[in-house]
Structure formats: C-alpha cells, structure tokens
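The values are calculated or read from the model by the stated rules, or taken from the named source; none is laboratory data. Quick caveat: nothing in here was measured; it's all calculated off a predicted structure. Every residue, glycine among them, receives a Cβ derived from its backbone with ideal geometry; neighbour counts consider all protein chains shown. Protein only, heavy atoms only, side chains kept; ligands, DNA and RNA dropped before computing areas. Shrake-Rupley method; radii C 1.70, N 1.55, O 1.52, S 1.80 Å.
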There are 2 protein chains.
Amino acid sequence: MDLKGKIRVIHDFPKEGIRFKDITTLLKDGDALRAATNQLGEMAKELGADAVVGPEARGFVIGTPLAYYIGEGFIPVRKAGKLPADTYKVEYDLEYGTDVLEMHKDALEPDNKVVIVDDLLATGGTTEACIKLVEKSGAKVVGALFLVELTYLSGRERLKDYVIKSLIKF
Amino acid sequence: MDLKGKIRVIHDFPKEGIRFKDITTLLKDGDALRAATNQLGEMAKELGADAVVGPEARGFVIGTPLAYYIGEGFIPVRKAGKLPADTYKVEYDLEYGTDVLEMHKDALEPDNKVVIVDDLLATGGTTEACIKLVEKSGAKVVGALFLVELTYLSGRERLKDYVIKSLIKF
C-alpha cells in the first residue's frame, strides 16, 4: 500500500512557508491505519520492545494501536499538569521558549525495553525529552518509531545514539 | 479480567473533592489494554460502525486501537486551531466559559455509521459536541462507547437519544 500517498500536505499551516504533513487522511482510511500499525508493530517486535511510550496528542494515535498489536502496555507522556500521580518532568525547547513534558514515575520498571512512538520526526526535540523521561525511570530505550520523518530537519542526527525507524519519508 | 480494578482513583485531582479516575494504570497493562479494546470493539461491531470518532486527547488512546480492531478508520476531534484543513466547529460548555471542538469537513461521508469513543463519560458535554460535529457532516451516530462511566453525573440522560455503552461504571 502507498502509505505516503495517504498523507495530505497542506501549505502554510500553521504558518507561512510550512508544508504541514496531515496524517488524518491516513488515519481515516481503515486499511491504511491497519497497514501502518502492522508495519510499525513489526519494527517494535524486532527491537524486543515490552512497553510503548508516546507523547500527547498525536503520539497517542500511533502508539496505542501499536501497543495493542504487540500486546504490551501504553504509557502516555503528557504536557505539564495533566497526569494525576507523581511524575518525572523534563523541560524541552520549543521554537520560542520552553515547555515541560511529564511521565508517571510508576509507569515503567527498570527492566522495561521501551519503544517511543510518535506520528512525526522533525527536529527530534520531543523525542529527546521522551527518552530522558524513560531513562529517569531506569528503563532502556530500544528505539524510536515514527509514521513520518522529515529528513531535511535532521532529527535522526540529534538522536544518533538510538535506533530510529520511520515508515514514510519526506 | 477485573478491568475496574485496573483504574486508579486519585483524590483531590485536579482539585479538592474530585476523585479522579486515572486510566493510565489500565493502559500500561498490555493484557488490560487488549481486553478493554476487544470488548469495546465488539460493541462497535454490534452497532454496525464503519468509522470511529474520538476527541483529543484521551479519546485518541481508546479510539485508535478500537478502530484498528474493527478495521475501520479513526477521525480525530480536536481543540480549535489544531486541524489543518477546513473544519466544522462546535462550541461547548466547560465549567467556566466555553471551548470549541473541530472536525475536518471531509473526514466523513453522509453514509458513514459512526461510533464516538472516549475514555470517560461524565456530564456528556464533550460527547454531545462530537455528536453535533458528526451530524453536521450528514453521517449517522450509531452509538457512543466509553471505557469508564461516572453514573452519578448522569451523562447518559443528557445523551438519551443515542445508544450509550460503557465498560466500567463508578
């Protein structure tokens, strides 16, 4: 299946000059959602993952069906103040200023092998923050999986100490 | 499997007097995530659903594996300004003031039979907004499915014209 052809490119969103990769056109196609999940799920199995971590909100959309596919749990990484129990916190850079991501302290065990899953690899900042959160818990990051990779933003270089895989490249 | 026992109740979050139902303890358990998805998925099949709509962000966590299970597409409902193409918009009430939810205009066809899926049925306000968005597109809402229902908040009464099902009741 041509998964790349299911991604809609929208010009000048959220601002001028950006060619936004809209994954909703893939998600709404049941066959494409299945194929993408199965392919990413096989990657996660090869990496020996026994837990899936995904950042709010589009990481949830890719991460939870993948967790279902491999039969393991899903752990959400959320913006500050959303998770109700004790959390690890990591500050990360946005285009202007910084933001905070959190993960429950009791979400992972030190022997977990974690794949981080998100819809899009751009500069890698969000993924780097997720890696730090997982490593604070003592668990091991066995790789990061993405539906779409924007190769021209070199996120892969920033994350060069980790296994990075993506299904669709722009 | 005792799915209710997998929900963690946290007192005084996000504010005093609230007994917050934390679903992350269910999600991180691979067997519980599978069982909940399969049971909700069977309900969606019985309703004849051919599309799944879920609101940001926890609706994504329950809705996408369910869409995967039934082999149909997932359509996200998002807060204002997040979706890149033309959208329908619905204003809905919050505790203080109002907020706006959006869905892409081209997400559904008029002959779609839609299940709305969310983690939690409380007062039903978010679900009512999702129903309005689906009906603006001409599609039919065949039911709304929830992982958890807070029966004492009477959301089911507000949505009495629709089929409402939930797995776990408090």
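Per-residue SASA remark: residue B:79, around 70 Å² accessible (1.4 Å probe; ligands, DNA and RNA not included). Report, in whole Å, the centroid distance computed from the Cα atoms of the range A:50-69 and the range B:18-65. Taking the Cα centre of the range B:18-65 as reference, the centre of the range A:50-69 is 13 Å away. Using the beta-carbon distance between residue A:123 and residue B:152 and R0 = 41 Å, what value does 1/(1 + (r/R0)^6) give for FRET efficiency, to the nearest 0.05? E(calc), rounded to 0.05, equals 0.35.
Working from label points 7 Å from Cα in the Cα-to-Cβ sense, the residue B:31 to residue A:135 distance is 3.3 nm. Shortest first, residue B:110 label-point distances to identical copies amount to 6.3 nm, with the label point at 7 Å from Cα along Cα→Cβ. What base-10 log of the normalised intensity I(q)/I(0) is obtained for the range B:56-170 from the Debye formula, alpha carbons as equal point scatterers, at q = 0.09, 0.23 Å⁻¹? The calculated log intensity ratios at q = 0.09, 0.23 Å⁻¹ are -0.22, -1.52.
Centre-to-centre separation between the Cα atoms of the range A:106-146 and those of the range B:135-166: 35 Å.
Under the criterion of Cα pairs below 8 Å and six or more residues apart, the relative contact order for the range B:4-169 equals 19 percent. Net charge dipole, chain B: roughly 300 debye, given to the nearest 20, about the Cα centre with Cβ charges of +1 for Lys and Arg and -1 for Asp and Glu. Dividing the Cα radius of gyration of the range A:1-88 by its Kirkwood radius returns 1.04 for Rg/Rh. For the residue pairs A:6/B:165; A:82/A:136; A:82/B:4; B:136/B:160; A:28/B:21, the alpha carbons lie more than 24 Å apart in A:6/B:165; A:28/B:21.
Between copies, residue A:10 shows label-point distances of 3.1 nm, shortest first, with the point placed 7 angstrom from Cα along Cα to C-beta. Take residue A:158, move 7 Å from Cα toward the beta carbon, and the resulting point lies 3.9 nm from the same point in each other copy, nearest first. Once the Cβ-Cβ distance of residue A:162 and residue B:100 is raised to the sixth power relative to R0 = 41 Å, the FRET efficiency obtained is 0.60.
Show that you can apply the helix-only estimate: for the protein assembly as shown, add -39,500 (n - 2.57) for every DSSP H stretch of four or more residues, divide by all residues, and state [θ] at 222 nm to the nearest 500.
Details: 10 runs with 100 residues, N = 340.
Computed ellipticity for the protein assembly as shown at 222 nm equals -8500 deg cm²/dmol.
Note on exposure: B:11, B:104 ranked by accessible area (1.4 Å probe, complete protein assembly) read B:11, B:104, with the most exposed listed first. Applying both filters, DSSP loop and at most 11 other Cβ atoms within 10 Å, to the GluC sites (Glu not before Pro) of the range B:1-92 gives B:16. Rolling a 1.4 Å probe over the protein chains gives residue B:152 an accessible area of about 110 Å².
Measuring spread by the Cα atoms of the protein assembly as shown yields a radius of gyration and Dmax of 18.9, 54 Å.
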